[in-house]
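The values are calculated or read from the model by the stated rules, or taken from the named source; none is laboratory data. Please read these numbers as outputs of a predicted model, since none were measured by experiment. Virtual Cβ from ideal backbone geometry, glycine too; neighbours counted across all protein chains shown.
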Amino acid sequence: MAPRPVSILIAALGGQGGGVLTEWIVGAASHAGYAAQSTSIPGVAQRTGATTYYVEIFPERLEADHPEPIFSLYPTPGDVDVIIASELLEAGRTIEMDYASPGRTTLIASTHRLFSIAEKSVPGDGIFPRDGLEAAARKLSRRFVGFDALALARQHQTEINALLLGALAAAEVVPLSAADFEAAIREGGVAVDRNVRGLKAGMELVAAGPVSGEEARRERPWSETKAERAAALGARAAAFRSLAARAEAEFPEALHAIVGEALARLIDYQDAGYAELFLERVRRVRALDSGTRLTGTFARRLAVWMTYEDAIRVADLKTRRARFDRIRREQATPEGAVLVVTDYLKPDLDEMYGILPASIGGPIARWAERRWPDGRPTIGQHVKTTSVLGFLRVWLLARLRGLRPASLRRQREFALMSRWEETVLAAAVLHEGLASEVAELANVVKGYGEVRRRLSGAIARFLDEVVRPAIESDRRAGRGFDRAVALVREGRERMLAEPEPSPLRGEGRVRGSVVRGGS
């Protein structure tokens, strides 16, 4: 019986070198004297869209009089020997399409994630569970070789595709040697030293022992993290240590990390006085909490809300030295090379007049809202933050941090924040579980520009028209707060699950439930 070709399916994202990886495999087969063929469906290759490549290698060297083997142009479900995926969800796509076979397929995949549009579109957590993807990869393949190729690529200053090639070489599922793969890289002539380094690193990783994608996730003690946070704050480290020590003396140990992280975040965002304001609000909730769940939830959500990303914050983050160092590191920019970073900004009028004092910005905002009731115009800008003028332009905006306490944006954010906090406190007096659900509502307030304003409006209406009436209805009925808890949870989950959230969609049913609860 004639030998059958070895089939290799490569699932990648545009820009991750799937095409180069395919060329290396075909080149290695040619170097070893085997016939091979590759086909591809590029997809949206330059926009990180899914790309698919298929390779078949005839596993015997052909004699001069042997007819050329006939290769397939595309993979057949359940009939693939090797799947190589440059990202975990891409491995999941091949499994979903039944290409993997438990009795046949070796699945080699990077376990890092680049989130899809579908995952990013919902306001809540739309991320596909990592554990579920890895479990499916182990169950539905003969062998799963999974590792974080992105982290390893940064560590070795190489590329993901070179690491995956090394994993393929070490897995010994194709009739090719390490020398064949290295020769293909050298013949390709693309960043040879860098890619050979990646090839060897991938081989060493797989050769060192079983690789299953299950990576140890050690939970670091707060003492270690606290030291890092203090170091990052520089001159403000002393204020952070002082506030953290007070918080640790005041709150249970279970809350130390949550409150400590919040304090570091708030001091970095504004100053120690701002962090003190946070502690005052948390203390009010803590006084009504018999355990730690309510206080922990409230503190976590409050800290994120208080560090809303206004134009000043965005400018601050974009001009930090650490950002440019990270870009150089990720792009492997050679020492002495010129790096050019262009930031594409598109603020709308609300974001611009939001940094003004409320007494000035308020009248402008009211005029703009009358003039453009369905959304304010945006002003697109391309700022080269690596140029002197571009950097100064953004850096000077970041220096306006001192204006933030009196700004219109601060006034509006804190007005809604206070309504939410008052509702949490009112609920905590009656039922801690209900108060925790109300505290979680703050997770809905996120995003920028029109998205954030729409979400903020949805939360304001939900608090006034559903949550407070539901609490009052259950209180009067005197039969517990299960109905109010369910309504709050349902509304929050709906807002977090839908790209266009509307907690009052179907409000007749929701309000009807509230009314009946009090009847």
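Filtering the range 47-66 for residues that are in the same structural domain as residue 145 (by TED's automatic domain parsing), under 18 Å from residue 138 (Cα atoms), modelled with pLDDT of 90 or more and not basic (Lys, Arg) leaves an empty set.
Could you say whether any residue in the range 383-394 is touching a Leu at 6+ places or on another chain (Cβ under 9 Å) and in contact (Cβ under 8 Å) with a residue 60 or more places away in the chain? Scanning the range 383-394 turns up at least one residue that is touching a Leu at 6+ places or on another chain (Cβ under 9 Å) and in contact (Cβ under 8 Å) with a residue 60 or more places away in the chain.
Taking the conditions (1) touching a Gly at 6+ places or on another chain (Cβ under 7 Å); (2) crowded, with 20+ Cβ neighbours inside 10 Å; (3) assigned to a helix (DSSP H, G or I); (4) at pLDDT below 90 in turn, residue 514 satisfies each one other than (1).
Yes/no per residue for (1) under 21 Å from the mean Cα position of the chain (by Cα); (2) closer than 30 Å to residue 150 by Cβ; (3) part of a loop (DSSP other than H, G, I, E, B):
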site: 285; (1), (2), (3): no, no, no
site: 290; (1), (2), (3): no, no, yes
site: 295; (1), (2), (3): no, no, no
site: 313; (1), (2), (3): yes, yes, no
site: 324; (1), (2), (3): yes, yes, no
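Conditions (1) buried (at least 21 other Cβ atoms within 10 Å of the Cβ); (2) in contact with a Leu (Cβ under 8 Å, 6 or more places away or on another chain), marked per residue:
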position: 243; (1), (2): yes, yes
position: 249; (1), (2): no, no
position: 252; (1), (2): no, no
position: 264; (1), (2): yes, yes
position: 284; (1), (2): no, yes
position: 288; (1), (2): no, yes
position: 296; (1), (2): yes, yes
position: 302; (1), (2): yes, no
position: 305; (1), (2): no, no
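With respect to the conditions (1) crowded, with 21+ Cβ neighbours inside 10 Å; (2) in contact (Cβ under 8 Å) with a residue 60 or more places away in the chain, residue 450 lacks only one, and its number is (1). For the range 336-355, the candidate set comprises residues that are assigned to a loop (DSSP other than H, G, I, E, B) and in contact with a Lys or Arg (Cβ under 9 Å, 6 or more places away or on another chain); within that set, the residue that is modelled with the lowest pLDDT is 337.
Is it the case that some residue within the range 79-86 is part of a loop (DSSP other than H, G, I, E, B), touching a Phe, Trp or Tyr at 6+ places or on another chain (Cβ under 6 Å) and over 21 Å from residue 142 (Cα atoms)? Taking every residue of the range 79-86 in turn, none turns out to be part of a loop (DSSP other than H, G, I, E, B), touching a Phe, Trp or Tyr at 6+ places or on another chain (Cβ under 6 Å) and over 21 Å from residue 142 (Cα atoms).
Considering only residues in the range 152-194 that are more than 17 Å from residue 18 (Cα to Cα) and in contact with a strand residue (DSSP E or B) (Cβ under 9 Å, 6 or more places away or on another chain), the one that is surrounded by the fewest Cβ atoms within 10 Å (Cβ to Cβ) turns out to be 175. Within the range 373-391, the presence of at least one residue that is at pLDDT 95 or above and more than 31 Å from the chain's Cα centre (by Cα) is confirmed. Consider residue 374 carefully, then state whether it is surrounded by fewer than 18 Cβ atoms within 10 Å (Cβ to Cβ) and either assigned by TED's automatic domain parsing to the domain that holds residue 260 or within 30 Å of residue 420 (Cβ to Cβ) (or both). It is true that residue 374 is surrounded by fewer than 18 Cβ atoms within 10 Å (Cβ to Cβ) and either assigned by TED's automatic domain parsing to the domain that holds residue 260 or within 30 Å of residue 420 (Cβ to Cβ) (or both). Just name the residue that is nearest to residue 288 (Cα to Cα) out of those in the range 385-442 that are in contact with a Ser or Thr (Cβ under 9 Å, 6 or more places away or on another chain) and in a loop (DSSP other than H, G, I, E, B). Of everything passing the filter in the range 385-442, 385 is nearest to residue 288 (Cα to Cα). Scanning the range 108-125 for residues that are of a type outside the set (Asp, Glu) and exposed (fewer than 14 other Cβ atoms within 10 Å of the Cβ) yields 115, 117, 118, 120, 121. Can you find a residue in the range 457-464 that is touching a Pro at 6+ places or on another chain (Cβ under 6 Å) and either buried (at least 19 other Cβ atoms within 10 Å of the Cβ) or part of a helix (DSSP H, G or I) (or both)? Yes, the range 457-464 contains at least one residue that is touching a Pro at 6+ places or on another chain (Cβ under 6 Å) and either buried (at least 19 other Cβ atoms within 10 Å of the Cβ) or part of a helix (DSSP H, G or I) (or both).
Residues in the range 324-341: is at least one of a type outside the set (A, V, I, L, M) and within 30 Å of residue 453 (Cβ to Cβ)? No, the range 324-341 contains no residue that is of a type outside the set (A, V, I, L, M) and within 30 Å of residue 453 (Cβ to Cβ). Of the numbered criteria (1) over 28 Å from the mean Cα position of the chain (by Cα); (2) of a type in the set (S, T, N, Q); (3) assigned by TED's automatic domain parsing to the domain that holds residue 276, the one residue 223 fails is (1). Restricted to the range 134-215, the set of helices (runs of 4 or more DSSP H) holding at least 3 residues that are over 30 Å from residue 4 (Cβ atoms), in contact (Cβ under 8 Å) with a residue 12 or more places away in the chain and not basic (Lys, Arg) comprises 149-156, 192-207.
Against the conditions (1) in contact (Cβ under 8 Å) with a residue 24 or more places away in the chain; (2) of a type in the set (Lys, Arg); (3) within 23 Å of residue 382 (Cβ to Cβ); (4) surrounded by 13 or more Cβ atoms within 10 Å (Cβ to Cβ), residue 346 satisfies every one except (4). A single entry from 19, 27 fulfils the requirement of being part of a helix (DSSP H, G or I) and modelled with pLDDT of 95 or more: 27. In this structure, is residue 330 loosely packed, with under 13 Cβ neighbours inside 10 Å and either within 26 Å of the chain's Cα centre (by Cα) or not small (Gly, Ala, Ser) (or both)? Here the answer is yes, as residue 330 does meet what is asked.
Take residue 383 and tell me if it is surrounded by 12 or more Cβ atoms within 10 Å (Cβ to Cβ), among the β-branched types (Val, Ile, Thr), touching an Asp or Glu at 6+ places or on another chain (Cβ under 7 Å) and farther than 25 Å from residue 281 by Cβ. Considered against the rule, which asks whether it is surrounded by 12 or more Cβ atoms within 10 Å (Cβ to Cβ), among the β-branched types (Val, Ile, Thr), touching an Asp or Glu at 6+ places or on another chain (Cβ under 7 Å) and farther than 25 Å from residue 281 by Cβ, residue 383 comes out as yes.
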